[in-house]
1. With unit charges on the beta carbon (Lys/Arg positive, Asp/Glu negative), name the residue among C25, L65, C5 whose Cα is farthest towards the positive pole of the charge dipole of the chain.
2. If you put +1 on each Lys and Arg Cβ and -1 on each Asp and Glu Cβ, how big is the dipole of the range 18-147 around its Cα centre, in Debye rounded to 20?
3. So which GluC sites (Glu not before Pro) in the range 37-129 end up in coil per DSSP with only 11 or fewer other C-beta atoms within 10 Å?
4. Could you compute the FRET efficiency for M1 and D122, with r as their C-beta to C-beta distance and R0 at 35 Å, rounded to 0.05?
5. Relative contact order, percent, of the range 1-62 when contacts are C-alpha pairs under 8 Å separated by at least 6 residues?
6. Tell me, what is a quarter of the convex hull surface for the C-alpha atoms of the range 79-139, in nm² with one decimal?
7. Hey, in the GNM for the chain with a 10 angstrom Cα cutoff, which one of Q57, Q68, Q82 fluctuates hardest?
8. Please list, by residue number, every one of the GluC sites (Glu not before Pro) in the range 1-54 that is coil in DSSP and has at most 15 other beta-carbon atoms within 10 Å.
Amino acid sequence: MSPPCPLCGAKLPAGEQCRDRFDLCLAKEFENPATYGAVHHLTVACYMLQHNAYSRQGWLGTRALLVQFIQEGKTPAEVRAQNRRKLDSRQRKWSITTGEKISTEGLIWTRTIADVRLDNPDFYCADVELWAKSVLTDTEALIRDLNPATKRDG
Ligand SMILES: [Zn+2]
């Protein structure tokens, strides 16, 4: 076993890091767009959120996309069409990757990329969906803290 990932806590076999596993997932998805690739939008979002790869606004925007995919059942094409203007980099005043980051310290991740089985596309897609759901659940408290307006007063 490698030491647990400092960002998401994943425990992977010796010599393997989350980034290696992520690259393996992406390779499967690009080679098999109709099966493994069906959850590509979720894989990338989960990985980037857990590894805090984005700026604050990029992180919050990506989590909001996950809500649309998982809770509202939207397809990537629907979300793309709807966000075309909003995410157009020429109109966007902020960067997805650079800038102040959100603090994900102290978050406990229930599932990680290590829980995604790669040997079969059905398992793979099911595991990625469970992973995406868990990322939303695991970050609910963080989002509540960021939006005090939606907090209920005791
Ligand atoms: Zn990790």
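Rule-based calculations on the coordinates, nothing more; no lab input. Given the structure is predicted, the values throughout are model-derived calculations rather than measurements. Cβ sites come from the backbone with ideal geometry, for glycine too, and all protein chains shown count toward neighbours.
1. L65
2. Details: 18 positive and 17 negative charges, 154 e Å.
The calculated dipole for the range 18-147 is roughly 740 debye.
3. Working: sites: E72, E78, E100, E105, E129; in loops: E72, E100, E105.
Loop-located and lightly packed - E72, E100, E105.
4. Working: r = 27 Å, r/R0 = 0.77.
Efficiency, rounded to the nearest 0.05: 0.85.
5. Values: 46 pairs, mean separation 13.7, N = 62.
It rounds to 22 percent for the range 1-62.
6. Values: hull surface 25.1 nm².
Hull-based average projected area comes out at 6.3 nm².
7. Q82
8. On the way: sites: E16, E29, E31; in loops: E16.
Passing sites in the range 1-54 are E16.
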